[in-house]
Amino acid sequence: GSRKPLRRVKVPGNIFPLIPLTALPPPTLAVSLPPVGLSCFAYLLLSEGLCASYLPAVVRGNYLLQISINHTTALLQRPEKLVILKGLSLLETLIGRVCPFSLPSHLLDDKQYLSQAELLTNLMVTCPHKTVRRQSVPLLLGLVKCFSEAGRYRMYQGLLRSTGHAGVLELLIHSIKNEIDQALKVGKESLFVGSNPVLFLDRVMSISSDMDLMKESNRVMAILNFLRYLLIRDTPQDNQTGIWTTVGVVREKFT
């Protein structure tokens, strides 16, 4: 015959009591995930937007960069072009979520950030793929731009110590010149004025008689343009950059 209609049964609210988390047994299975696989998963989530509607949208960009920097490092260290491009794309996404000049300098106590910048300079110089080399340049500058003035100063110092490539040095000198120019325009105390610009110059001005000028022409021209800018922009009366007190030393290094 006909089926009887189902009756709605009222279930007491406390039939399934909450169990305290401390009462749960510890996990017995430890799963070790491969770093590159986990980093590719982060790339799919953050860069490609996989399952974006299921991810919490309350995470700050600064925090996201801090917890994901090891993923970009794992991808950028690989030799495969497609894997490197995933790392560059992930890093671009992470940098895009960070407000410029918002990261404090003490984060650089964690060597991962400088190591990331050095990885990018290495890709700019040694990677055989033109696409990778081109994409690395704005990401290096974007990563430096994430930091406060003190952080950017530390980043430039570290990169000048770690690289000897003329093209990279030219890029760094140009960026430092822009920092000094901005500091002089604003007219307030800055790490990029005073005696510090001369310290930057001292790091890159070493020129010897047996130097291959054809190979080092980019660096030499960048230094000369930097000097020209300082001497024109900063008057002997102001000497805000300290260049006029070291003209004799500069002359000796170039003669």
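Rounded if a/c is under 1.5, else prolate if a/b beats b/c, else oblate: with a ≥ b ≥ c from the C-alpha gyration tensor eigenvalues square-rooted, which is segment 44-88? Since a/c reaches 1.5 but b/c is at least a/b, the shape of segment 44-88 is classed as oblate. Taking amide H atoms as placed 1.01 Å from N in the peptide plane, the amide H of Leu103 lies under 5 Å from those of Phe147, Ser148, each 5 or more residues away in sequence or on another chain. Taking square-rooted eigenvalues a ≥ b ≥ c of the alpha carbon gyration tensor, is segment 62-219 rounded, prolate or oblate, where a/c under 1.5 means rounded and, failing that, a/b exceeding b/c means prolate? Here segment 62-219 falls in the oblate category. Here Lys177 is the anchor, and the aspartates and glutamates within straight C-alpha reach of less than 13 Å, apart from those fewer than 8 places off in the same chain, are Asp234. If the reach is capped at under 17 angstrom between alpha carbons, list the aspartates and glutamates near Lys130, excluding any in the same chain fewer than eight residues apart. List returned: Glu80.
Computed from point charges on the beta carbon alone (+1 for Lys and Arg, -1 for Asp and Glu), the dipole magnitude for segment 60-118 about its Cα centre is near 180 Debye.
For segment 33-128, just say rounded, prolate or oblate: build the C-alpha gyration tensor, square-root its eigenvalues into a ≥ b ≥ c, call rounded for a/c under 1.5, and beyond that prolate if a/b exceeds b/c, oblate if not. Because a/c hits 1.5 or more and a/b fails to exceed b/c, segment 33-128 counts as oblate. Its Cα centre serving as origin, segment 66-218 has a Cβ charge dipole (Lys and Arg +1, Asp and Glu -1) of approximately 480 debye.
Taking each of Lys86/Lys215; Lys185/Lys215; Lys86/Lys145; Lys111/Lys185; Lys188/Lys215 in turn, the alpha-carbon distance tops 29 angstrom for Lys86/Lys215; Lys185/Lys215; Lys111/Lys185; Lys188/Lys215.
Throughout, read-outs are computed from the coordinates displayed, never taken from laboratory work. Keep in mind it's a predicted model, so treat the numbers as computed, not measured. Every residue, glycine among them, receives a Cβ derived from its backbone with ideal geometry; neighbour counts consider all protein chains shown.
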